[in-house]
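Here's the structure we're looking at; comments come further down.
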There are 2 protein chains.
Amino acid sequence: MLRFLVSVLVLASCKEVQKMAKAQYTVDSARACLVRQEDTIIFALIERAKFPLNSPTYNHTFTSISQIQGSLLHFFIRNTEAIQSKAGRYTNPEEIPFFPENLPPSVAPYYPSSEFLHSAGALININKDIWKLYFHVLLPMFVASGDDGNYAQTAAADLTLLQAISRRIHYGRFVAEAKFRETPQIFESLIRAKDRKALMKVLTLESIEKMVVKRVEKKAMVFGHEVSLEHVKEGTYKVDPSVVSLLYQKWLIPLTKNVELEYLLRRLD
Amino acid sequence: MLRFLVSVLVLASCKEVQKMAKAQYTVDSARACLVRQEDTIIFALIERAKFPLNSPTYNHTFTSISQIQGSLLHFFIRNTEAIQSKAGRYTNPEEIPFFPENLPPSVAPYYPSSEFLHSAGALININKDIWKLYFHVLLPMFVASGDDGNYAQTAAADLTLLQAISRRIHYGRFVAEAKFRETPQIFESLIRAKDRKALMKVLTLESIEKMVVKRVEKKAMVFGHEVSLEHVKEGTYKVDPSVVSLLYQKWLIPLTKNVELEYLLRRLD
């Protein structure tokens, strides 16, 4: 048992990293957290891909039932977020809701939340863009067509994945704040000049981005192949690893940087 | 894109296996589904282990707030199950709720559910036992002590894992029905004699059980190690693989067989 606890602590999750760094997130601790979030995102992609598209989940016109307005997914996520809000999810500034309107307050036991972020940028919420991107672009890339009737399970898998993607992208606020604190002298004049281009250049570390894209492809291979005792079936994966690397390269990394940029532009307000 | 779709179909999830086998689950298709469920369970274990114990989630006495009776987790799961029920989760006979009392009916689009199970055993629900086992025995085995304040996220991870474990164990009903249909002559006299011991002997395939226990340990190693481009860090895992194999050996496999047995004892009613 002791051995087990030690291994858990050695592989301290990003939540632990955050906790340890609560007084002071650093660029390194934020980066370690993003690495751990990759696993969560890939697990969630694999779990969503268990189900085919299941388009009735997203159909805005299916409901003759007055109880539900919008799609089944809207109903599902709006109501689940309300429960999670009551349970305190959004007292953690790392969590951003998709439907922030009229969320009930937390009734969970008090726990002091991090005050690391600068207030003007803390509330950046691009979930509306993430929502559209997810349904119109991403989802069709990694799920098979078809309908197996598991609409509630599909909605639950969508929510888990959407939350993981959203957390990753909005984590850009913490990355940006950590970068700003490490070298304020680099950022301050660019922020005052509202020089988006130059700021984006500072925020872009091509070699690291390339490494992330390669690593998530490898993770998708490792987590998504069929593990058996006899032999490793290479070449068949639960989610195409090249789709996962594309997802990061084309959307997750750029959107995270956009959040970093928007955060920094508000940093001296 | 075509290559991707092919790989998804080749690795057809157990939902697909079930769909293909909807008219007739077989022992082989049920077994393939249990293998796929192992991945889901291990992902969920890893995701729950991201958080420490977070005991306020389970504290029955924390709420001075009248809105919530019982623990925060009770509130969370009871209400989330209600939403999922409305979204149609429990129209799929593979899904069994933890709080079946007063669940609202589904308003989801109609999809014909499998009528594979014999009605007398279809409603077997040992979730109360699974609940107790989970909180008193299993959880302390794979989470670190501590409190990081993420109670809602913890409850969400608990629910996902509890649902995965419950689905696996109650899948014993499908396994039992498939076994019964393949060789009714073996089962009928034993069922009539209510010979539990002999039935359990028929249901027990030691070599397969040993293989499952070994395979889940391997999967926990594969899915739970820190994947990096440079080198593989062996020996540190997000959830101790020996705990995962113990979980299967001591609880998941025996409880699944108990469900198989109870199902068969009702099979000729």
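Details
- Charge dipole of chain A about the Cα centre (unit charges at C-beta), most positive-ward option of A:A152, A:N127, A:F75: A:N127
- The accessible-area ordering, largest first, of the residues A:T154, B:T160 stands as B:T160, A:T154, per a 1.4 angstrom probe.
- Cβ-based net charge around A:A164, under 13 Å, with every Lys or Arg adding one and every Asp or Glu removing one: -2
- Exposed loop sites were defined as GluC sites (Glu not before Pro) in DSSP loop states (anything but H, G, I, E or B) carrying at most 15 other C-beta atoms within 10 Å; in chain A the longest segment without such a site runs A:116-229.
- Once both labels are positioned 7 Å from their Cα atoms along Cα-to-Cβ, the gap between B:K214 and A:R181 label points is 5.0 nm.
- Alpha-carbon Rg with Dmax, taken over segment B:147-217, Å: 18.0, 56
- Nearest-first distances (nm) between copies at A:M211, label 7 Å from Cα via Cβ: 4.2
- Listed by chain and number, the aspartates and glutamates whose C-alpha is less than 13 Å from the C-alpha of A:K257, apart from same-chain residues fewer than 8 away, are A:E177, A:E206, A:E209.
- For q = 0.07 Å⁻¹, Debye-computed log10 I/I(0) when each Cα of the protein assembly as shown counts as one equal scatterer: -0.40
- Remark: label point of B:L268 defined 7 Å out from Cα along the Cα-Cβ vector; separations to the same position in other copies 8.6 nm, ascending.
- Listed pairs A:K179/A:K201; A:K219/A:K250; B:K132/B:K250; A:K128/B:K86; A:K218/B:K219 exceeding 21 Å between Cα atoms: A:K128/B:K86
- Under a model in which nothing but the beta-carbon of Lys, Arg (+1) and Asp, Glu (-1) is charged, segment A:2-265 shows a dipole of about 500 debye around its Cα centre.
- Centre separation in Å (Cα based) which lies between segment B:237-269 and segment B:121-167: 15 Å
- Farthest positive-ward along segment B:89-223 dipole, Cα basis, beta-carbon charges - from B:M141, B:A178, B:V107: B:A178
- Quarter the surface of the alpha carbon convex hull of segment A:120-269 and you get the mean projected area, 11.3 square nanometres.
- A P(r) calculated from all alpha carbon pairs of segment A:2-265, with 5 Å bins opening at zero, reads 1, 5, 11, 15, 17, 17, 14, 10, 6, 3, 1, 0, 0 percent.
- Inter-copy label distances for B:S113: 3.8 nm (label point placed 7 Å from Cα along Cα→Cβ; shortest first).
- Over 13 Å [Cα-Cα, segment B:132-185], rounded percent: 72 percent
- Residue of chain A whose Cβ sits closest to the axis mapping A onto B, with distance in whole Å: A:F43, 2
- Segment A:67-168: relative contact order as a whole-number percent, Cα under 8 Å and 6+ apart: 30 percent
The values are calculated or read from the model by the stated rules, or taken from the named source; none is laboratory data. Since the model is a prediction, treat every value here as computed from it, not as a measurement. No Cβ is skipped: glycine too gets one built from the backbone with ideal geometry, and neighbour counts run over all protein chains shown. What goes into the accessible areas is simple: the full protein's heavy atoms, side chains included, and nothing from ligands, DNA or RNA. Shrake-Rupley method; radii C 1.70, N 1.55, O 1.52, S 1.80 Å.
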